[in-house]
Every structure is written in structure tokens, then in C-alpha cells.
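Everything on this sheet refers to the single structure shown next.
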Amino acid sequence: MDWEFIVQHIPLYQEAAWLTVRIGLLGVVFSILIGLVCAAIQYFRVPVLRRITGIYIELSRNTPLLIQLFFIYYGLPKIGIQTDPELCGIAGLAFLGGSYMAEAFRSGLEAVSPIQMESALSLGMNRRQTMGYVVLPQAASISVPAFIANVIFLLKETSVFSAISLMDLMFTAKDLIGLYYKTTESLVLLVVFYLLILLPVSVCGTLLERRLRYAGFGS
Amino acid sequence: MPDLGLEVLLKGQNMVRLLEGLWIALRISLTAVVISIPAGILLGAMMTRKNRVVRAVLRLYLEIIRIMPQMVLLFIVFFGTTRAFGWDLSGETASILVFSLWGTAEMSDLVRGALISIPVHQYESGEALGLRRVQVYRYIIIPQTFRRLVPLSINLITRMIKTTSLILMIGVVEVLKVAQQIIEANRMASPNAAFGVYLAVFLLYFIACWPISMFAKYLEKRWR
Amino acid sequence: MTETLLKIEHLVKKFDDNLILDDINLEVKKGEVIVVIGPSGCGKSTLLRCINALEPIQGGTISLDGEPIDDKSRSLSVLREKIGMVFQSYELFPHLSVLNNVMLAPLKVQKRKKEEVKEEALTLLERVGLKEKAGSFPRQLSGGQKQRVAIVRALCMHPELLLFDEVTAALDPEMVREVLDVILKLAAQGRTMIIVTHEMQFAQAVADRILFLDGGSIIESAPPEEFFEHPKTDRAKQFLNTFTFEAVKTPHKTIKEEED
């Protein structure tokens, strides 16, 4: 193991990790927004829009991110939609993540029993109050495990970004392997940096889940 | 109507070549599924055993595999082990190896989840009837877990198929690589081929995965 | 003559083509306690849900204090404030403490002052013997305790009419009593209530009038003494018979005695 090589190249990986985190987080934020809108449309059975979001969710869940990115990055410019790679990465991640988040939120909403809603209504609450004070707080806590799984899933999916020439962790590792044949060192750095990004998220997620389970809303 | 580069698909053997590329991706994922499911069932069942050492070792395997992006695992096996052990691993073999390791981990977690979701009373009432342990599993536990597990394992197949798109990155010639070749070869004749061809690849993956997802959803609804 | 609080005329309720309630007519006076009994599936619960506009109705009218209740009415939530409902499955809000469960609607719907509501909530909880549970969460309570909280939650809105939908059906036998005692106390205070129950002795004790529902229609409507002692219809007789058991062992023929 060439320690000098490792130390020397830490800054390079740092920069790449920062790119991964930045795109990953922005992608997650937009996924949440798309997911909330789609889940609301599905839950309230908004006509027409419900069909459209249904088609979007199926398309997004049944195709790989890599292909989605290729289409956005190489295909769309041909019909005049030009984006820079970073924007494209965020858009791709949001396109993929939106449907996963939508499913997480929707199943949370649907898990709150209809009688809970009725009992709020029978106390004289209007629809908005019923949603705000009774349904949403419960739905949110039910969605948490799926939500955390999605965040980790999306952060992991960022590993394909090198395919659209974003200089992320994978790109850096592949580059170094090609340049110096320091395969082991490059891979060790790759693994360590991914762990630095993913482990904290995973640990926080587990803690949050455990806390919620302890709160155990089971009637 | 702008040029969408769709005509390239109809030229010569292009569509057939894309389908052949897809077949390679499907073959790899199906091979990995065939290995993962029995291995995952075995490991999942072992995870519910009381032996702490076995459980800790399996848990470690599961967590390591699941926290790493599959892409990183591919790199480790394809670049890392060839260097460390000096063997010559083809891209296809490396992918099957990685996807099987990953699929086994995922499957074992599904199996464990299904097994522990069966209330203790079910085991106890089986034993109270005088059934032996094997019989309790055979007649009571397995039939109940089976229904939960089948839709989830079918979903694992679609996840596997989607993940095989990554093997492009370690140089296996599959559908995306073929697409790149077609676009490259037709750069002069149809400069907009990238739109049409990548759209076709997108839809091909969708056509491969969507019916499987729908089937899983149908089973889940029917068996609930 | 006391005034009418709730008036139901020619009520019809269908699920698709299934007729659930068929031409129901009912007048409930202020302070009256009505107990609705009947075989399962006869439409008892549906009747309560229609009164609270949780189910849309297909015909007839329901009015409270002369004001019509229907699910499209704009003043629906004002009407619902006047009707308290307690469900079989308690339906406490699992993410809120007992006190917050009781205070939520008075604060958010009636916009009352927090101190005042809190004081009333605690007084009411004390009356049902649960003051010390105010800070607990629903999951920490027994079924009987949960149901008493649910009753307090409804009371705290100062409803003019209380609906009880088989509130003891999900409870263990030893907890039934504590809940029924609370309802008996409310009856003694002169509250107007409509109660759906399978507890016949309780029905006899609490009711001013018994409604016997079968097949979606009111078959009998009579004071409890009359209904339980001299039911007029065969259907009612048959129904009441299902609650009595006859001894199957004649005293002289038990095994032990034969051996002696």
C-alpha cells in the first residue's frame, strides 16, 4: 500500500466527494418536492393529473438512472434542450427520486385509517384542520423508514454520474487507476469516501427510526 | 417536425443489435437472480437463528454490501481483485459475481423480514399441536412467508435488471454500449441519432421491467 | 312538551344498490336517551354515521335544531360541533397525549382560550377518573381508559347530542363497566344521547326509548320496560332470545351424581 499516494490524492477525492454530496442533496430536495406534489395528487385523486403522475411514476421506477441520464444529457440537446452536466445530474436524480418519494409519502398517507379522519371530522374540524393536525403528523412518522431508505438509495445512485462526465468519486477513482495503475490505493480511497458520506446518513436514519418506533404510535 | 433521429433505428440491423445488447443485460441479471434467491433464502433463515456469531457475521456481510453503491462493488471486483489475485476476470463474470453478492444480501434481508413478521404464537401453536420443528416450518411458517416473499422477490428481479445498466462502465458490451456504437457510426448521416436511440433504450428497459413490476403488484394485492 | 332536538324524516341510505336504511323516521327530544339495538348488519351504525354526515344520504332529511344536516352543507363543521361521536375503536389520535387529544378540537375548531380549555379538560378527565393520565399517550392506556378519554374528548366540545357507536364492543369484559358507568352518569345529567349497543341490561337501565332496527327499518320503538317485557313483534322476540341461555345440564344427571 502506497501511503504517500493516498495522502497526496486525498484533496482530489475531497473535491469529488463535495460534488457528489452537492448534487446528491439537491437531487434529494427536488425529489422530496416532486414526491409531495405527486403523493398529494394521488391521495386526493385529482382527475387527469392523477393519470399523468401515474405514468410518470411507472416510467421513472422502471428504468435505470443511467439510461435516464444518457437520455437527458445526450438525447435532449438534439431537440434543443441543452443543460450542463451538473444540472443534468440533479434533474436525473430528481426524476428518479420523485417517484420513490411519492410512493413513500402516499403509502404513509394511506396507512392512516379512515376512521381517524372521521373522528376528527366528527369533532367539527374542517378538511384542512383534519389533515394538518391529525392525518399528516401520523403519515409523516409512518413514512420515515421508507423516506430514509430512499435518501440512501439516491445518494448511492449518484455513483453513475461519471458517465455524463461529472468528476465525482467514481470518475476520480477510474481516472487514477488509468493514470497510475495504483488500483488498490484508488479503490481504498473510493470506499472510504463513500463510507464517509453514507455511514452518517445511515446511522442517523437508524436512530431516528428507533426513536419513532419507541414512540410506537400503535393505537 | 424536428429531426428526432428515429430513422436510425430502422436502418439495417440496428434494432436487432439493440435487442441483442438488452439480452446480454437480461442474461446477466437473470443468472444473478437464480443464484441470489436460494442463497438469500438460506442466509435469511440463518439470520433468524439464535447463534450470535453466525448472526453477527451475516449482519456484517449484509451491511457492507448494502451501504456501498453497486458501482463501487463492481469496481472493487473488476479492477481490485484482478490486481490483487492476478486472475483475469471478464466483465461479464465480474458483473454476475457482484450482482449475486448484492442480490443475496437483499434477498436474505427480505427473507429475514418475512420470517420475523410471523407472530411467535404461530410457532407456539404449531408446537402445541405436537408438530416437530421441521413440520412447523413446512406446514405453518413457510406457506405464510411465501406469499409475502414472492412479490418482493419479483421486485428484486426488476431492480437487478435496472442495475445491469451499470456494466457499461466496466466495458461489457450491452444495450447502452451498442447504442453508443450505433450513434457513433451514424454521426454523419443522422446527427440527431442520440435522441432517438437513447429514447429507444429507455423504452426497452421500461418494456423489460414494467410488466414484471405490474405482476408483482398484482400478486401483492391478490394475496394480501 | 320539551322541544325536539333531532328530527329524521324518510331517511334512505344505499350503498350502490343495497338498501341499508329504508324510510327511517325519528324524533329525539332534548334530554332523551335513545338506545338502538338490533342484529348485526341491521344498519344501526350506519344510522349514527348518517346523523353525523359521515355518510351521504340518498333520500329524506335529517335536521338538528331545525337546521338540515347534509354532507354538502357549508355549515357542516358547525353542526358537527354540536354532535359528539364516540367510536367503537376509540380513535384517539396516537401522536398526541391524552390532554392534547381532548384539547385539540376546542382550541382549533372553537378557538377557545387555552387556559380555560385545559381547566375544563382536566375537570372532565378527573370526573372519569383519568386526571393523572393527562400526560400519557394513548398506547399507554387500557382499552377502557382509551374509551373514557374518547368520551371526554367529545364532551369537551359541549355537544348538544352525543352518539355512541358500540363503544364497549372492543373492550375486555372487566372494562365494559367503567365505560358504561360514565355513560350512565351522563344520562343522569340529562344529556341527549343516541346509543348503539349490545349490552341489554345497560340498555334497559339507561334508555328512555328503545329502537329495534332490523333489515334497515325501525321495527319497534318503545320504552324499555315495555320492549323487554312484552316485545310486540316476532323478530324482536327472536332477537331477545339470542341473549338468554338455557341450562343444558339438568341437576340430577351430572356425572358425579350418577357415580354416587
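The range A:1-66 and the range B:193-224 have Cα centres spaced 20 Å apart.
Taking 19 Å as the straight-line reach from the Cα of C:Lys118, the aspartates and glutamates in range (excluding those fewer than 8 positions away in the same chain) are C:Glu81, C:Glu126, C:Glu132.
When each of B:Glu63, C:Glu220, B:Glu124, C:Glu199 is scored by the number of other beta-carbon atoms lying within 10 Å, the sequence from fewest to most is B:Glu124, B:Glu63, C:Glu220, C:Glu199. Amide H contacts for A:Thr63 (H built 1.01 Å from N in the peptide plane; partners 5 or more residues away or on another chain; cut-off under 5 Å): none found. Distant-in-sequence amide contacts of C:Leu162, defined by a placed amide H-H separation under 5 Å and a gap of 5 or more residues or a different chain, comprise C:Gly84, C:Thr192, C:Met193, C:Ile194. Applied to the range B:25-40, the Karplus parametrisation 6.51 cos²θ - 1.76 cosθ + 1.60 on θ = phi - 60° returns per-residue 3J(HN,Hα) values of 4, 5, 4, 4, 5, 5, 4, 5, 5, 4, 6, 5, 5, x, 4, x Hz, with x for Gly and Pro. Only helical runs count toward this figure. For the protein assembly as shown, summing -39,500 (n - 2.57) over DSSP H runs of n ≥ 4 and dividing by all residues gives -19500 deg cm²/dmol at 222 nm. Between amide H atoms placed 1.01 Å from N, distances below 5 Å from C:Ser136 occur with C:Val98, C:Leu99, all of them 5 or more places distant or on a separate chain.
Around A:Thr172, what is the net charge, scoring Lys/Arg as +1 and Asp/Glu as -1 over all other residues with Cβ under 13 Å from its Cβ?
-2
The charge dipole of chain B, taken about its Cα centre with unit charges on the Cβ atoms of Lys, Arg (+1), Asp and Glu (-1) only, comes to about 1020 debye.
If R0 is 51 Å, the Cβ-Cβ spacing of A:Gln8 and A:Arg51 corresponds to a FRET efficiency of close to 0.40. Under 18 Å of direct C-alpha separation, and excluding same-chain neighbours fewer than eight residues apart, A:Lys182 reaches these lysines: A:Lys174. Across chain B, C-alpha contacts under 8 Å between residues 6 or more apart give a mean separation that, scaled by the residue count, equals a relative contact order of 35 percent.
Quick one: among C:Glu160, C:Glu229, C:Glu246, which has the greatest mean-square fluctuation in a GNM of chain C with alpha-carbon springs under 10 angstrom? The residue with the greatest mean-square fluctuation here is C:Glu246. Working note: Karplus 6.51/-1.76/1.60 with θ = phi - 60° gives the range B:79-92 the couplings 8, x, 6, 4, 6, 5, 9, x, 8, 10, 9, 6, x, 5 Hz, where Gly and Pro are set to x. For the range A:121-171, list log₁₀ I(q)/I(0) at each q in 0.22, 0.23 Å⁻¹, using the Debye formula over Cα point scatterers of equal strength and ignoring solvent, two decimals each. Ignoring solvent entirely, the Cα scatterers give -0.80, -0.82.
Listed from fewest to most Cβ neighbours within 10 Å, the set C:Leu79, A:Leu123 follows the order C:Leu79, A:Leu123.
For the options A:Glu118, A:Glu157, A:Glu110, a Gaussian network treatment of chain A with springs between C-alpha atoms closer than 10 Å singles out A:Glu118 as fluctuating the most. Between the helical axis of A:136-157 and the longest alpha-carbon principal axis of chain A there is an angle of about 20 degrees. Between the alpha-carbon centers of the range B:8-65 and the range C:158-218, tell me the distance in whole angstrom. Centre-to-centre (Cα) distance: 59 Å.
Helix A:169-180 versus the longest principal axis of chain A: what is the Cα-based angle in degrees, 0 to 90, to the nearest 10? Result, in degrees: 10. Taking the fewest neighbouring Cβ atoms within 10 Å as the starting point, the ordered list for C:Cys42, A:Cys204 is A:Cys204, C:Cys42.
Our coupling estimate for the range C:92-104, obtained by passing each phi through the Karplus curve with A = 6.51, B = -1.76, C = 1.60 and θ = phi - 60°, is 5, 7, x, 8, 10, 5, 3, 4, 5, 4, 6, 7, 3 Hz, Gly and Pro reported as x.
Just so you know, all these numbers are worked out from the coordinates, no wet-lab data involved. Keep in mind it's a predicted model, so treat the numbers as computed, not measured. Positions of Cβ are backbone-derived with ideal geometry, glycine not excepted, and every protein chain shown enters the neighbour counts.
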